[in-house]
Protein chains: 2
Amino acid sequence: MSRAVDVLFERISVLSPDESGGAYALTDAYVAVRAGRIACVGLTRDHAAAAFDGAPHETYDGRDRILAPALANAHGHAAMTLMRNSADDLSLHDWLYNVIFPRETRLRAEDVRAGTRLALVEMVRSGTGAAADMYFFPDEVFEAFVEAGVRLNLCVDAKKKDAAGNPVLDAAELERFQRLARTAGRGLVVPSLLVHSVYLYPEPLYKEMADLAADLGAPVQVHVSETRREVRECQEKHGRTPPEFLRERGFFRTPTLAAHCVHLHGDDLRILAGPGITVAHNPQSNLKLGSGIADVHAMVRAGLRVALGTDGAASNNNLDLFRELRLAAFLAKGTTGEAATLGAPMALRMATVHGAAGMGFPDVGVLEAGHAADLLVLDCERASMTPLGDPMSAFVYSADASAVESVMVDGRWVMRKRELTTLDEERIRAEALSAAHHLVPALT
Amino acid sequence: MSRAVDVLFERISVLSPDESGGAYALTDAYVAVRAGRIACVGLTRDHAAAAFDGAPHETYDGRDRILAPALANAHGHAAMTLMRNSADDLSLHDWLYNVIFPRETRLRAEDVRAGTRLALVEMVRSGTGAAADMYFFPDEVFEAFVEAGVRLNLCVDAKKKDAAGNPVLDAAELERFQRLARTAGRGLVVPSLLVHSVYLYPEPLYKEMADLAADLGAPVQVHVSETRREVRECQEKHGRTPPEFLRERGFFRTPTLAAHCVHLHGDDLRILAGPGITVAHNPQSNLKLGSGIADVHAMVRAGLRVALGTDGAASNNNLDLFRELRLAAFLAKGTTGEAATLGAPMALRMATVHGAAGMGFPDVGVLEAGHAADLLVLDCERASMTPLGDPMSAFVYSADASAVESVMVDGRWVMRKRELTTLDEERIRAEALSAAHHLVPALT
């Protein structure tokens with residue numbers, strides 16, 4: 001983990017969500033970062049420089065550059081990078097049962113560490129400063145993120161087996177991670193309760209899980225209404241949609257990341273508009289696995305907080321949030337037949353402040369004085385961003401991950417001018433290749 | 001324009017459409033390029049090297065690299081790069097009438113040259129070796145492409161005004177470009193007749209245009225069924241869909257690039273499956289302008305040749321075909337609800353050989369001995385392509401434009417190891433900025 005730096009960004013274009021539900025753009029601006037916070041955003045050098053009280057600080061030439069909040073990936077399975085490009089164009093059932101599950105039975109702690117680190121390199125290079133993660137071996141995920149200096153909403157599986165082999169809940173495991181987050185986590189980690197979905201556990205466990213989350217004040221991560229089949233089976237079994245079922249069992253009393261929400265019906269929009277709930281929209285994964293197209297326009301109109309996720313690299317096959325934010329805007333326009341639907345400012349909000357807030361980082365995602373210094377710098381000196389035009393449009397419609405030149409989290413550089421400061425890319429790629437090799441049953 | 005080079009690619013992964021409607025992948029392969037053609041694709045160095053008969057040649061280390069045909073952009077308006085990011089999130093009518101048309105009235109020949117060159121930098125950097133172009137000032141477009149060494153299907157407007165101010169056809173203009181293509185074009189340019197759409201010209205002109213194309217053996221470029229409104233108005237006015245109207249007027253006797261085809265009905269699929277017709281699918285533009293989602297799965301099943309286009313950078317806002325080929329596959333899967341729909345091999349075909357053939361370059365887009373040496377090299381040494389997995393999946397689902405390190409057209413490097421050989425990027429960006437500035441009415 002690198003140390004916090006004080007930086008004055010000079011003559012830079014600034015894009016950011018604001019605190020009133022919109023977004024702003026400034027050109028030729030000055031931004032002071034001091035002691036891990038945004039100290040000043042202004043249009044004159046003198047005003048911004050005054051924030052340092054004469055203390056030494058780095059300057060960053062912002063000409064042909066855009067400064068924006070670091071991106072927040074609200075749903076993913078980082079270590080699935082190890083299964084990238086290994087099984088595409090297969091139906092969901094074939095993919096899960098014949099490729100993914102057999103490999104996951106072979107997963108060791110060291111594989112998850114290697115795959116998570118690989119994901120971290122990819123995420124940082126594409127401008128991501130915070131990610132939600134739902135996978136195995138949470139200790140490894142925790143350490144990899146803290147070591148990298150990237151924020152994390154970490155799923156913890158609180159199930160264990162009793163003497164008869166039945167799943168029961170174990171509050172101690174979740175409490176252990178809550179303690180870890182307060183100490184080793186240095187403010188970067190929020191542990192949450194893993195609730196995979198409405199279809200995976202014995203029915204009595206759902207109420208117990210909801211109560212455990214409420215008792216410990218723990219957020220929840222859960223897959224919700226990803227496929228038509230999930231919704232149909234939930235209705236057949238419980239007479240309720242997945243959001244209705246979860247509410248009825250006592251969920252949504254703590255902050256909840258509800259991933260996917262592709263197929264919503266009846267009262268679902270109203271339920272998911274409740275306080276503390278964030279929908280993690282994964283447009284690429286939903287298309288690629290044939291799940292469908294979530295109606296994000298309806299969600300936004302109904303007041304839901306919609307964030308963006310990449311899902312795992314095995315169903316995407318990339319962790320680049322620029323693809324997701326552009327596609328989210330495109331799909332909303334294409335499916336409503338109206339180019340004005342879901343404009344660039346809302347896409348920016350979804351990719352930044354909505355995700356950060358949904359993960360439990362309420363002071364992240366807005367570049368205004370007093371907020372955390374989580375940010376990225378885009379290099380716009382390239383044909384594909386010439387002329388730059390409206391920087392908000394450029395960010396959402398023209399930019400891609402390769403334009404990201406710097407990323408800061410909590411006032412610390414994690415990438416500066418394309419140099420990673422906390423991750424050894426060459427070694428990480430080599431270790432990931434070795435772990436990926438181990439997972440393939442036929443090869444070992 | 002650079003000179004043709006002889007090159008031996010060593011230990012490289014090769015992806016290519018084949019001649020039987022599928023695609024193949026080889027790893028650790030050797031490919032010999034000699035005198036502008038693919039001389040050999042094989043699995044041993046000796047066999048491939050024999051193609052040079054002892055003559056000197058360059059070698060290219062292909063480890064961690066993918067060799068594939070250069071991409072073909074089957075629909076675009078290159079110089080609209082000048083209007084990039086200038087008017088987004090607007091309804092189609094506002095966008096056209098309040099932003100685009102006022103700027104286009106100010107276009108000078110030098111602006112089109114500057115904007116086309118800017119597009120060429122962006123296209124080459126993202127792996128494109130051939131493009132169809134429909135815009136103003138075709139002499140400028142012709143020169144910019146030939147100078148860059150990139151293949152072109154060039155729209156020529158054969159209309160002029162008679163003494164009374166009515167549009168009449170002028171065969172001489174199209175014939176002039178046919179002669180130019182044979183001389184200065186050096187095999188890189190195919191002129192085609194501009195037929196903007198079924199709604200822009202006086203009705204009698206359509207039959208005359210179809211006859212002119214047939215008389216001169218000229219291909220046609222035309223926008224077809226892009227919006228619901230276009231189709232509805234054509235049916236109201238002519239009692240026919242746009243494809244039916246065009247066929248009835250005598251089109252489709254020469255090769256035709258039919259752009260968009262978002263809203264097809266009745267007999268349209270059968271008409272567009274006719275010989276010589278290529279549909280240019282523009283998934284990003286169709287979503288962004290709210291036009292809708294073309295049913296590419298139905299087209300492919302009906303035997304249509306579907307290629308890919310970016311449309312202009314004002315409605316996209318980028319000329320990166322990797323985005324289009326991935327999105328084409330994703331949309332087909334998402335809308336059919338089946339992950340197996342439109343697999344990576346078909347996406348590769350659409351982005352390469354279908355476009356090249358549709359533009360009039362029948363020996364381009366297939367890496368087999370005897371075909372033209374139009375190719376690209378992807379650098380896969382990056383976290384986002386680790387592990388590489390199946391190279392076909394990696395190309396379609398993981399790669400983005402920033403992985404393109406080299407592009408060759410007709411045996412000549414246009415980019416080698418990220419160095420452009422025919423385009424002066426810095427000067428081109430400066431000239432484009434100046435031209436873009438000129439187009440904005442309020443600024444000059």
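Where residues in segment B:401-444 are free of Cβ contacts under 8 Å to residues at least 12 places away in the same chain and assigned to a strand (DSSP E or B), which of them is surrounded by the fewest Cβ atoms within 10 Å (Cβ to Cβ)? Among those residues, the one meeting the criterion is B:E419. Filtered by the rule that a residue be in contact (Cβ under 8 Å) with a residue 60 or more places away in the chain, within 14 Å of chain A (Cβ to nearest Cβ) and surrounded by fewer than 22 Cβ atoms within 10 Å (Cβ to Cβ), segment B:56-85 gives a lone residue, B:D64. Residues of segment A:383-411 that are within 8 Å of chain B (Cβ to nearest Cβ), over 14 Å from B:N85 (Cα atoms) and more than 18 Å from the chain's Cα centre (by Cα): A:S402 alone.
Suppose we filter B:N286, B:N316, B:N282 for residues that are within 18 Å of A:A329 (Cβ to Cβ) and in contact with a Lys or Arg (Cβ under 8 Å, 6 or more places away or on another chain); which single one remains?
Details: B:N286 fails: in contact with a Lys or Arg (Cβ under 8 Å, 6 or more places away or on another chain); B:N282 fails: in contact with a Lys or Arg (Cβ under 8 Å, 6 or more places away or on another chain).
Residue meeting the stated conditions: B:N316.
Would you call A:R240 closer than 27 Å to B:L331 by Cβ and without any contact (Cβ under 8 Å) to a residue 12 or more places away in the chain? Explain how you work it out, then say what you get.
Working: closer than 27 Å to B:L331 by Cβ: no; without any contact (Cβ under 8 Å) to a residue 12 or more places away in the chain: yes.
Criteria not met by A:R240.
Taking A:A294 as the residue in question, decide whether it is buried (at least 24 other Cβ atoms within 10 Å of the Cβ) and more than 9 Å from chain B (Cβ to nearest Cβ). Quick ask: steps written out before the conclusion?
Details: buried (at least 24 other Cβ atoms within 10 Å of the Cβ): yes; more than 9 Å from chain B (Cβ to nearest Cβ): yes.
Yes, satisfied.
Here the condition is being at the interface with another protein chain (Cβ under 10 Å from one of its Cβ atoms) and not aromatic (F, W, Y); of B:L287, B:L269, it holds for B:L287 alone. If you go through segment A:191-214 and keep only what is in contact with a Phe, Trp or Tyr (Cβ under 7 Å, 6 or more places away or on another chain) and either surrounded by fewer than 19 Cβ atoms within 10 Å (Cβ to Cβ) or assigned to a strand (DSSP E or B) (or both), you end up with just A:P191.
Looking only at residues in segment A:177-190 that are outside any loop (DSSP other than H, G, I, E, B) and charged (D, E, K, R), which one is farthest from the chain's Cα centre (by Cα)?
My answer is A:R179.
Does B:L378 count as closer than 27 Å to B:E10 by Cα, part of a helix (DSSP H, G or I), in contact (Cβ under 8 Å) with a residue 60 or more places away in the chain and within 14 Å of another protein chain (Cβ to nearest Cβ)?
Working: closer than 27 Å to B:E10 by Cα: yes; part of a helix (DSSP H, G or I): no; in contact (Cβ under 8 Å) with a residue 60 or more places away in the chain: yes; within 14 Å of another protein chain (Cβ to nearest Cβ): yes.
When the stated conditions are applied, B:L378 does not pass them.
Considering only segment A:88-98, state which residues are within 11 Å of another protein chain (Cβ to nearest Cβ) and on the phi < 0 side of the Ramachandran plot. Please lay out each step first, then the result.
Kept after step one, since they are within 11 Å of another protein chain (Cβ to nearest Cβ), are these residues of segment A:88-98: A:88-96.
Result: A:D88, A:L90, A:S91, A:L92, A:H93, A:D94, A:W95, A:L96.
On the given criteria, is B:L264 away from chain A (no Cβ under 14 Å), under 17 Å from B:H223 (Cβ atoms) and assigned to a strand (DSSP E or B)? So B:L264 does not fit the description; no.
Out of curiosity, is A:T254 in the same structural domain as A:Q235 (by TED's automatic domain parsing), modelled with pLDDT of 95 or more and more than 21 Å from A:A131 (Cα to Cα)? Show your work before the answer.
Working: in the same structural domain as A:Q235 (by TED's automatic domain parsing): yes; modelled with pLDDT of 95 or more: yes; more than 21 Å from A:A131 (Cα to Cα): no.
So A:T254 does not fit the description; no.
Among the residues of segment B:383-400 satisfying the criterion of being assigned to a loop (DSSP other than H, G, I, E, B) and out of contact with any helix residue (DSSP H, G or I) (no Cβ under 7 Å at 6 or more places or on another chain), which is farthest from B:T256 (Cα to Cα)? Walk me through how you get there before you give the answer.
So in segment B:383-400, the residues assigned to a loop (DSSP other than H, G, I, E, B) come out as B:386-390, B:399-400.
Narrowing the set further to residues that are out of contact with any helix residue (DSSP H, G or I) (no Cβ under 7 Å at 6 or more places or on another chain) leaves B:389-390.
Details: B:G389: 38, B:D390: 35 Å.
Per the stated criteria, the residue is B:G389.
For A:T335, state whether it is hydroxyl-bearing (S, T, Y), modelled with pLDDT of 95 or more, farther than 26 Å from B:A328 by Cβ and assigned by TED's automatic domain parsing to the domain that holds A:H297. It would help to see each step written out before you state the result.
Working: hydroxyl-bearing (S, T, Y): yes; modelled with pLDDT of 95 or more: yes; farther than 26 Å from B:A328 by Cβ: no; assigned by TED's automatic domain parsing to the domain that holds A:H297: yes.
Here the answer is no, as A:T335 does not meet what is asked.
Inside segment A:24-55, residues that are surrounded by fewer than 18 Cβ atoms within 10 Å (Cβ to Cβ) and on the phi > 0 side of the Ramachandran plot make up a count of 4.
For segment B:276-294, enumerate the residues that are closer than 25 Å to B:P219 by Cα, assigned to a loop (DSSP other than H, G, I, E, B) and out of contact with any His (no Cβ under 8 Å at 6 or more places or on another chain). Lay out the reasoning, then the answer.
Step one: of segment B:276-294, the residues closer than 25 Å to B:P219 by Cα are B:276-283, B:285-286, B:294.
Of the ones still in play, those that are also assigned to a loop (DSSP other than H, G, I, E, B) are B:276, B:282, B:294.
Hit for segment B:276-294 is B:G276, nothing else.
For B:R151, the conditions (1) crowded, with 21+ Cβ neighbours inside 10 Å; (2) at positive phi; (3) not acidic (D, E) all hold with the exception of (2).
Note on segment A:86-176: enclosed helices (runs of 4 or more DSSP H) holding 2 or more residues that are under 21 Å from the mean Cα position of the chain (by Cα) and over 21 Å from B:A394 (Cβ atoms) are A:109-125, A:138-148. When A:L246 is tested against (1) in a helix (DSSP H, G or I); (2) within 14 Å of chain B (Cβ to nearest Cβ), only condition (2) is not met.
Within segment B:40-79, the only residue that satisfies the criterion of being more than 27 Å from B:R349 (Cβ to Cβ) and touching a helix residue (DSSP H, G or I) at 6+ places or on another chain (Cβ under 7 Å) is B:A79. Could you tell me which numbered condition B:A442 fails, if it satisfies all but one of (1) within 10 Å of chain A (Cβ to nearest Cβ); (2) modelled with pLDDT under 95? Unmet for B:A442, out of (1) within 10 Å of chain A (Cβ to nearest Cβ); (2) modelled with pLDDT under 95: (1). Entry remark, segment A:119-137: residues being under 21 Å from A:L433 (Cα atoms) and touching an Asp or Glu at 6+ places or on another chain (Cβ under 8 Å) number 4 in total. Could you please give the count of residues in segment A:215-236 that are over 14 Å from A:Q178 (Cβ atoms) and part of a helix (DSSP H, G or I)? Final tally of qualifying residues: 9.
Can we say B:T341 is in the same structural domain as B:G276 (by TED's automatic domain parsing), crowded, with 20+ Cβ neighbours inside 10 Å and modelled with pLDDT of 95 or more? Yes; evaluated as a whole, the condition is true for this residue.
The values are calculated or read from the model by the stated rules, or taken from the named source; none is laboratory data. Computed from a prediction, not measured in an experiment: that's the story for all the values here. Ideal geometry is used to build each Cβ from the backbone, glycine not excepted, and the neighbour counts take in all protein chains shown.
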